[in-house]
Structures are given as structure tokens and as C-alpha cells.
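Quick notes on the structure that follows.
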Amino acid sequence: MDSGQPDRPAGAAAQLAALLTRRTGVPVEVGAAEPGAGRTVRWVDGPTAAQMAELVAELREDQLLHPGELSYAHRPSSHGRAVTVLLWLDEAPERAGLHEAVVADRAERDIGCPELAEHLWQRRAAALLGLGPGGQRFTLTALRLLLEVARTSGWPAALAWLDARASAPRSRLRIVR
């Protein structure tokens, strides 16, 4: 089973995971290599996939497995997705005119480290999560409601609406078709 590359110690993946965890502040796992395939770096919240790839590219060679063998699997939490969507929309409120799936995808790709956002954005994210039928799970239905408010009343009004929901007792909204 010679890959043509020098063998690394068995703990190289664990060492890389520990180093990335220290550098990013979020738990990072580096999966075991499959025969003929590379390893996958996995984490929840924290940096975007592009930011993680940049971080890996900055590491010294002796800290890496083989960088070409790494793939990246970033999976934000529901709360993290809600924060990234809000921050991404706040950067350019005209984005509220986009389809909710596009907003969610681009926000996840462009905004990293949602856990570091200010408390106000964390509260707004919790309010956004409470809008949908999924309880405290991120749903496109909840995002659609927020985008509709932003489209009809403007982004500042949508934020005020979320702020009011964040301080109000929990209740569910239903979409009537």
C-alpha cells in the first residue's frame, strides 16, 4: 500500500486537528485517510472553508499531513447559520431581495466565526430561529419570513422586528398559504 509519499506518524491527523483547534478556537477533526483518498478536515461554526484552507496553507510543512490530500467539510450549527445570515444581510441590505436559499448559502460561504459576533446578533439569531417550524433549528421558512419583512418594510424595520421578537415571550408564527 505504497502511496509514493513518505509515511507520517499515526498521530499526524490528531496533531493537525489539535493545532487547528488551537488556532481557530473551535473543535476540529481530521478524519482517517481512506485508501486512495485524502483526509477530511471537519468543524462546526468557526472559520469558513476558504479561511480554514488559508490557515492550513500557512502552516509549516512539518505541521501538515499532505495539504493536497485534505478536503474541508465546514458545517455551521443552526445558531451559527442564523448569525451568518444576519451579518451577511447587514453588510448589504439589498441582498434581502435574493432567494432565501441563495442568502443562506452565500452567508455560510462568506461569513466566518459566528460564535464571535456581538451579543445583539446572537439574540437576533435566536429570534430568527424561533420563527420557523423547526423550533431552534435554522429553516429557510424562518429566513423567508425575515426576508419578506425586509422587502416590504426595509432592513432596519426587519431588525427592529427581530429585536422585538427577541425580547418577547416565545411564540410560533405560521405561514398561511
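Structure above, values below:
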read-out: Members of segment 82-116 that are small (Gly, Ala, Ser), modelled with pLDDT of 95 or more and outside any helix (DSSP H, G or I); value: ALA92
read-out: Matching entry among ARG23, ARG39, ARG60, ARG8 (being open to solvent by 20 Å² or more (accessible area, probe 1.4 Å), among the charged types (D, E, K, R) and at pLDDT 90 or above); value: ARG23
read-out: Of all residues making up segment 79-126, the number that are surrounded by 22 or more Cβ atoms within 10 Å (Cβ to Cβ) and polar (S, T, N, Q); value: 1
read-out: Unmet criterion (only one of (1) closer than 19 Å to GLY46 by Cα; (2) at pLDDT below 95; (3) surrounded by 19 or more Cβ atoms within 10 Å (Cβ to Cβ)) for ALA142; value: (1)
read-out: Residues of segment 101-140 satisfying the condition of being over 11 Å from TRP88 (Cα atoms) and among the aliphatic types (A, V, I, L, M); value: ALA101, VAL102, LEU116, ALA117, LEU120, ALA125, ALA126, ALA127, LEU128, LEU129, LEU131, LEU140
read-out: Checklist (1) within 24 Å of ALA49 (Cα to Cα); (2) under 18 Å from the mean Cα position of the chain (by Cα); (3) among the small types (Gly, Ala, Ser) applied to ALA92, failing item; value: (2)
read-out: Residue list for segment 145-169, restricted to those being more than 18 Å from ALA126 (Cα to Cα), open to solvent by 40 Å² or more (accessible area, probe 1.4 Å) and in contact (Cβ under 8 Å) with a residue 12 or more places away in the chain; value: ARG151
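The values are calculated or read from the model by the stated rules, or taken from the named source; none is laboratory data. This is a predicted model, so every value here is computed, not measured. Cβ coordinates were reconstructed from backbone atoms using ideal geometry, including for glycine residues, and neighbour counts include every protein chain displayed. The protein model used for the area step is the full one, side chains on, heavy atoms only, and it has no ligands, DNA or RNA in it. Shrake-Rupley method; radii C 1.70, N 1.55, O 1.52, S 1.80 Å.
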